[in-house]
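> Here it is: the structure, laid out below.
The values are calculated or read from the model by the stated rules, or taken from the named source; none is laboratory data. All values derive from a computational prediction rather than experimental measurement. Counting neighbours? That spans all protein chains shown, and the Cβs are built from the backbone with ideal geometry, glycine included.
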Amino acid sequence: MKDKSLKKVLVIGSGPIVIGQAAEFDYAGVQACRTLKEENIEIVLVNSNPATIMTDEEIADKVYIEPLTLDCVSKIIEKERPQGLIASLGGQTALNLACELDEAGVLEKFNVKLLGTNIESIKKAEDRELFKNLMQEIGEPVPQSDIVSTWEEAITFSEKIGFPIIIRPAFTLGGAGGGIAQNMEEYDEIVHQGLAQSPINQVLVEKSIAGYKEIEYEVIRDSNNTCIIVCNMENIDPIGIHTGDSFVVAPTQTLTAKECNMLKASAIKIIKALKIEGGCNVQFALDTVSNQYYVIEVNPRVSRSSALASKASGYPIAKITTKIAIGYNLHEIKNSITQTTLASFEPTLDYVVVKIPKWPFDKFSTGDRMLGTKMKATGEIMAIGRTFISSFKKAVTSLEERYTGLLHRGFETLEKADLLKELALQDDRRIFRLAQALYNGIEIEKLNKITKIDKWFISKIKAIVDLEHTLEKKKLDWDLYLKAKQFGFLDSEIIAITGATKEEIENFALQASFKTVDTCAGEYSATTPYFYSTWGEECEVEEFKLKNNNKKTKDTIVVLGSGPIRIGQGIEFDYCSVHASLELMKNGYQSVMINSNPETLSTDFDVANRLYFEPMNEEYVMNIIKKEKPKGVLVQFGGQTAINLAQKLNAQGVKILGTSLDSINATEDRKVFEKLMRELDIPQPKGCAVTSVTEALSAVKEIGYPVLVRPSYVIGGRGMQVVYNDDELLTYINEAFKFSNEHPVLIDQYLEGQEVELDAISDGRDILIPGICEHIERAGVHSGDSMSIYPSQNISRKNEKILVKYAQKIAKKLNIKGLMNIQFIIKDNQVYVIEVNPRASRTVPIMSKVTGIPMAKIALRAILGKSIRRAGFGVGLYKKSNLVSVKMPIFSWQKLNRIDPALAPEMKSTGEVLGIDTKYKRALYKAFLAGGYKFSNSKQRVLVSLNDHYKKPALPVIKKLFKQGFFIMATWGTHKFLEKHGVPSKMIEKFMIDKLQKRMKNGRLSFIINTPTTGKNSQNAGFQIRTIAQMYGIPSFTSIDTANAFLVAHKVFDKNTILTYDTITNYRKKKFLDMFKK
Amino acid sequence: MGTLILQDGSVIKGNSKGAIGGYEGEIVFNTSMAGYQEILTDLSYAKQIVVMSYPEIGNYGINEIDFEAQNPALVGIIAKNFCEEENHYKSTQNISTYLQMHNIIALDDIDTRALVKKIRENGTQSAFITSNDLTQEEIEEKIQHLQEFKISNDVILQTGAKEKYQYNDQGEIDLAFIDYGTKNSILNTLAKKGCKITVYPPSVSAQEILENNHHALFLSSGPANPNEFSYQIEQIKEIVGKIPLFGIGLGYQLLALCAGAEVYKLKSGHRGTNYPVINLENKKILITNQNHGYAVKSDNLAKFIRATYKNLNDDTLEGFEIDSLKVYAVQFYPETTVKAEETTTIYDEWVNIAKREINNKNNEVKNER
């Protein structure tokens, strides 16, 4: 039963979104908080990530948006005195922090109980050696391995075992720093990297069992020793590829009941031996020709896999884990889906679920696409279908790529020999090569030999490809059409393959039907509002509506989600979609959510009246709209994914609610927008839209270099670049055309000024601007990658007024209803508008929190026709409080090889943290702390290498660096320049990369200031230095503005400043408190 | 195009993937996601048509090891999709080939979820499954005929052991075993736990078992309505109290009837691997594998019957003991209920009871001397 002594509980979040630790922990965290709230427990929440729902003030009683450091959390514990701490829902970050708090004696000192799994168990699961020992004790097989802390120990192991060897660093996220070594050279590199990245300088070296099946079990245990399997999953990719980078299917498809039971028994034995209380993930390797299996890994906490398992099965793992943490047993908890059965059962599926990762390689063209033990995907999509084939095909469509099918991916022209050779590559495109090979008639047997993918999966993919063959040859009749639909083919694909007309397809008059996800395969009556589509089967939506008939509710409105998390379209849009949906329900509407992302809160079935887990694709969305007949669709909350659907839906007669489609187009269409700005008398950088190279060259003649080149209608500035001359222009323009599809490419004058942005809400009459943010880096860095300060510190009153005036003019002219984001450049005291986004932006969650204005909610009410004057925050620019915040972008370089970490107009960051205080410098310092930057008292070395363009502007910063006691090493040109200006530095040759690498390896370099020479040339020395630095976790500042900010923060540290931490609510109130004091 | 006709008049078309022909049977559903080979050969499904709620069936083929009985006794099986290109290193044949060889009608490309819901709402019922496309007249005639269908009690003469035989002749415990249609895994588990097993056919008399001085008697699982097995119940009654009795599935129901309990038909039965059952003594929970259409009424049990297990989903009785008469029984399948190896199972408990009994007897003999 519930532990009655718990009145107040601290929940630790997972920090910024990075590869390997993403939105799944917002979903888990929110479920945890909701559960605690239901139990009337006071919740204290700490998380440095402002883009999450969990840091909303209505989720917890006290919200600390503060760095996840030992110092900070200790002080919060001292102040709040919670009785319990929940750390198993905040990923590896929270778990590591809980261990630190325990070791530092903080938990004991303040009598805080770690709820759920205890520290000892966590360590047994996380520490490679302890885990191995435990497995040996209970007789569970683990692959031959050794824990090493030095290179010498690693050599001893490799001599004994031979290659290939897997290297896994201890206590790192998503296997950062790990890999498979085929030879001594690779072994040397990966082991050193792993030792450097492991916080305890420890790596596991392990006999490679690549080619085994990879199977996962999601298990829950309570203190009564009841163990249940929520879901098992099978990786379509065999062992060797990180499970986060694998295609995954649930439940397992190729295992006999005996094999399932064998692994289940093992999983239960392990979770019992570890005494886990709550959710846990066990990974196995299973031989393909014998009963031999190995236990690979145990995650003693809620994980990405458990989010997937929750969505795949309908079983809320995070919620149940929380209930168990506060003392309940499984049989004391109701199954929230059936309401009649209990949580102590095992879900059973009557559908098949497929997950596909979403990788950032479309953005990072130079990136290393090879997949291994280190996770590279930023997000994932999930699809539900009645059969494996339909689910798999749907999943591919959910990726939101240019091509929706398995074929036509550019491998058609490959010679057979080349195709076979490339099939051996384990990269993100292997499934598409496999499909092409099947289409070309290569036998399953052969493909299985090369790829090690189970023949069962290959034969299913073959069935899809074969049907494409059939569609090419046979006349399309009813039976063939139905089969194609049941296989997951889109009408557009069928039309393209068969040459049938749209009318012919429409004449079949086949409509999608929808089935319910109910955890029990229909055995019990359930009314879960959680649907997926199927063809030619009974539809359950009408039955659901009948059962849940509520005459009081108004019309139905559809919220379009934002699909998988990718760079440039992250959790913030999920934040906005969730708020929109909740607010719709609050206002009496029927909310319908559509999304394909299993990690997020928006696909939790209780944030909407009905959830459709479907691809964010025009046809799939239209199927739902035909069924739901909504009053309209909300597109402004779901990022570019939703905006891209707006036009297509509108063309089919669907009403777009809020800002009109014409207005959306006006901001994206260069010519229309220019005309608009001229009419409004608002200056903007010179520029134009071009559709050919010749047009581009003549445009540049008029504008003058440097220019900014970018495609229109893309996410996160994809393909955007500053260009200084004709040569560079010719290189980039083609790439830009590729990204742009049928839309033109934009060329703008590049103004290197102060970048400013604001978010606003408009009801068509008035606008409310919660605040103005100023970027630390000068223009030219993507806003998502800039550090940004609220409230702005360096903008004159006069210019502030101009910004507001421009925003008002634009909102009125475009008749904005809902959210809007405007970006400006101020150069030479002149304000230019550079971009208007008539939709939710990345900064909406942050601005909502720092100002206390629930932006998404007010925007939704404005869309529904309510005046923003009635929201209670006035109109125009909202008043500032004493709070100062600094947003810091967070990158995931350590997971991605060969990607230039230089800041550019194209976005590269995966997440963000927020530093908050009442003083700017402290907020800045906190932002760096939250970002994981290390500060140290000892004398530190810094490598400085500047390009010609930035030498002069950088001089004051380098002088400051010297004055603050850093030891400067400089490359030749920079050294000469500094010498001339009287700044002492030690010269170092750029090409002596080996020497530099050694320094970095040994930790004798604190950070790097390196302004990149232009050109995406991966061969240049700067690129190499930067990437090596990232590999060893050494910060490299590629903008002198960021470096300057770091020095400012460092000064706060140097002064031994003692930081204080407070809730976001109190920071906003402090102004009044201060006034009172005076 | 094959056809499925339900007693309630529903007619459902599907692709025929099994044998040619048609059978009447009782339609039930099973919610397991794996284990179709074990389900096909679980003789408790005799004369039934099983709807698999999990859509992909046949993925890993049929192997030589995982059979629960030599031949299946069900008459039909229905799935969303039977796999035609199976793959597993142990597999020796395709599921379709197996079904054809064993004369089982199989239909796929059917909306199995809708069918499961229908059975859930209207209850298990008679049905006719055929590989043929029927005319409207034929269909109407069949529906009429279905009203009279019932699984006759002599089905256990086919599913049970045909004659007495020795399953294994080594073991500390000399166990008599009445096979009404057992699963191999029950015999297997008992043998592993140290039982020497003599298997008897369902027609065995109490006298024959008692004459052979076995240490204990085990009643197996099996098909059909237990209320109709009056001969078997009479025999068991004569043995009760003389040696320890254990029962599983049908065996459990027969023991309950012997003790005067009522056995009634469940609306849609329990068939799957995910049923939570609580041990009423230590409050520990088991996720159990089950296959039964009847249940023992729990609300008017005689005082001497102690309920031991209860189903957490619908509160039905799942196990009982009569200490004074040494009767021990559970409704579910403990041998295929997955637990971590090191934990003691119900079989261990029972084997220990039998061993204690042997010791007591030996002591008695000594004392008499």
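> Every residue in segment A:103-131 that is assigned to a helix (DSSP H, G or I), in contact (Cβ under 8 Å) with a residue 24 or more places away in the chain, among the basic types (K, R) and surrounded by fewer than 20 Cβ atoms within 10 Å (Cβ to Cβ), please.
A:K123
> While we're looking at this one, here's another question. Counting only residues that are in contact (Cβ under 8 Å) with a residue 12 or more places away in the chain and charged (D, E, K, R), give me the helices (runs of 4 or more DSSP H) lying completely in segment B:112-205 with at least 3 of them.
Of the helices (runs of 4 or more DSSP H) lying wholly inside segment B:112-205, those with at least 3 residues that are in contact (Cβ under 8 Å) with a residue 12 or more places away in the chain and charged (D, E, K, R) span B:112-122.
> Count, please, the residues in segment A:799-849 that happen to be crowded, with 24+ Cβ neighbours inside 10 Å and either in contact with a Cys (Cβ under 6 Å, 6 or more places away or on another chain) or without any contact (Cβ under 8 Å) to a residue 40 or more places away in the chain (or both).
Summing the residues that are crowded, with 24+ Cβ neighbours inside 10 Å and either in contact with a Cys (Cβ under 6 Å, 6 or more places away or on another chain) or without any contact (Cβ under 8 Å) to a residue 40 or more places away in the chain (or both) in segment A:799-849 gives 2.
> Something else: Need the failing condition index for B:V296 against (1) farther than 19 Å from B:I236 by Cβ; (2) more than 10 Å from chain A (Cβ to nearest Cβ); (3) under 21 Å from the mean Cα position of the chain (by Cα), just the number.
Answer for B:V296: the failing condition is (1).
> Show me the strands (runs of 3 or more DSSP E) found entirely inside segment B:1-95 where at least 2 residues are surrounded by fewer than 24 Cβ atoms within 10 Å (Cβ to Cβ).
Fully inside segment B:1-95 and qualifying: B:2-6, B:11-16, B:22-30.
> In segment B:259-291, how many residues are within 12 Å of another protein chain (Cβ to nearest Cβ), touching a strand residue (DSSP E or B) at 6+ places or on another chain (Cβ under 6 Å) and among the charged types (D, E, K, R)?
Final tally of qualifying residues: 1.
> Does segment B:335-345 include one or more residues that are in contact (Cβ under 8 Å) with a residue 12 or more places away in the chain, polar (S, T, N, Q), assigned to a strand (DSSP E or B) and surrounded by 21 or more Cβ atoms within 10 Å (Cβ to Cβ)?
No, that holds for no residue.
> Every residue in segment A:333-352 that is in contact with a Lys or Arg (Cβ under 8 Å, 6 or more places away or on another chain) and modelled with pLDDT of 90 or more, please.
A:I333, A:D350, A:Y351, A:V352, listed by residue number.
> Go through segment B:213-270 and count every residue that is of a type in the set (V, I, T) and either free of Cβ contacts under 8 Å to residues at least 40 places away in the same chain or not assigned by TED's automatic domain parsing to the domain that holds B:N289 (or both).
4
> List the residue pairs whose Cβ atoms are under 6 Å apart, where the first residue sits in segment A:785-797 and is farther than 17 Å from A:N1044 by Cβ, the second is assigned to a helix (DSSP H, G or I), and the two are 6 or more positions apart or on different chains.
A:Y790/A:V850
> Okay, next question. Filter segment B:227-265 down to residues that are outside any strand (DSSP E or B) and under 12 Å from the mean Cα position of the chain (by Cα) and give me whichever is nearest to B:I156 (Cα to Cα).
B:L250
> Which residue is modelled with the highest pLDDT, if the candidates are limited to segment A:895-910 and must be of a type in the set (K, R) and in contact with an Asp or Glu (Cβ under 9 Å, 6 or more places away or on another chain)?
A:K908
> State which residue is farthest from B:S221 (Cα to Cα) when the search covers only segment B:291-333 and only residues that are among the small types (G, A, S) and part of a strand (DSSP E or B).
The selected residue is B:A307.
> Would you say B:T3 is within 12 Å of another protein chain (Cβ to nearest Cβ), of a type in the set (S, T, Y) and within 21 Å of B:R113 (Cβ to Cβ)?
No.
> Counting only residues that are on the phi > 0 side of the Ramachandran plot and not in a loop (DSSP other than H, G, I, E, B), which one in segment A:141-178 is modelled with the highest pLDDT?
Here the residue is A:G175.
> Within segment A:523-534, does at least one residue satisfy the condition of being within 30 Å of A:D362 (Cα to Cα), of a type in the set (F, W, Y) and not assigned by TED's automatic domain parsing to the domain that holds A:L819?
yes
> Please verify whether A:A435 is within 13 Å of chain B (Cβ to nearest Cβ), of a type in the set (A, V, I, L, M, F, W, C) and part of a helix (DSSP H, G or I), treating the condition exactly as stated.
So A:A435 fails the test.
> Here are some residues: A:L914, A:L943, A:L883. Which one is modelled with pLDDT under 95 and aliphatic (A, V, I, L, M)?
On inspection, the qualifying residue turns out to be A:L943.
> Here is a further query. Which condition number does A:G658 fail, the rest of (1) crowded, with 22+ Cβ neighbours inside 10 Å; (2) out of contact with any strand residue (DSSP E or B) (no Cβ under 9 Å at 6 or more places or on another chain) being met?
(2)
> Ok, one more. Can you tell me which of A:A383, A:A377 is over 27 Å from B:P276 (Cβ atoms), assigned to a loop (DSSP other than H, G, I, E, B) and touching a helix residue (DSSP H, G or I) at 6+ places or on another chain (Cβ under 6 Å)?
Of A:A383, A:A377, the one residue that is over 27 Å from B:P276 (Cβ atoms), assigned to a loop (DSSP other than H, G, I, E, B) and touching a helix residue (DSSP H, G or I) at 6+ places or on another chain (Cβ under 6 Å) is A:A377.
> Next question. How many residues, within segment A:447-465, are touching a helix residue (DSSP H, G or I) at 6+ places or on another chain (Cβ under 9 Å) and free of Cβ contacts under 8 Å to residues at least 12 places away in the same chain?
2
> Here is a check on your reading of the model: is B:Q232 under 21 Å from B:T308 (Cβ atoms), touching a Pro at 6+ places or on another chain (Cβ under 7 Å) and surrounded by 18 or more Cβ atoms within 10 Å (Cβ to Cβ)?
Here the answer is no, as B:Q232 does not meet what is asked.
> Now a separate question. Take the residues of segment A:221-279 that are free of Cβ contacts under 8 Å to residues at least 60 places away in the same chain and away from chain B (no Cβ under 13 Å): which is farthest from the chain's Cα centre (by Cα)?
Among them, the one singled out is A:I239.
> Does A:L955 satisfy the condition of being more than 26 Å from A:V884 (Cα to Cα), in a helix (DSSP H, G or I) and hydrophobic (A, V, I, L, M, F, W, C)?
Yes; evaluated as a whole, the condition is true for this residue.
> A further question follows. Give the residues of segment B:33-53 that are away from every other protein chain (no Cβ under 14 Å) and in contact with a strand residue (DSSP E or B) (Cβ under 8 Å, 6 or more places away or on another chain), sorted by residue number.
Result: B:S44, B:Y45, B:K47, B:Q48, B:I49.
> Name the one entry in B:E56, B:E84, B:E68 that is within 14 Å of chain A (Cβ to nearest Cβ) and at pLDDT below 95.
B:E84
> Something else now. Scan (1) touching a Leu at 6+ places or on another chain (Cβ under 7 Å); (2) in a strand (DSSP E or B) for the single condition A:N201 breaks and write down its number.
Just one mismatch for A:N201, condition (2).
> A follow-up question, please. If a residue counts only when it is touching a His at 6+ places or on another chain (Cβ under 8 Å) and at pLDDT 85 or above, which strands (runs of 3 or more DSSP E) contained entirely in segment A:716-770 have at least 1 such residues?
A:754-763
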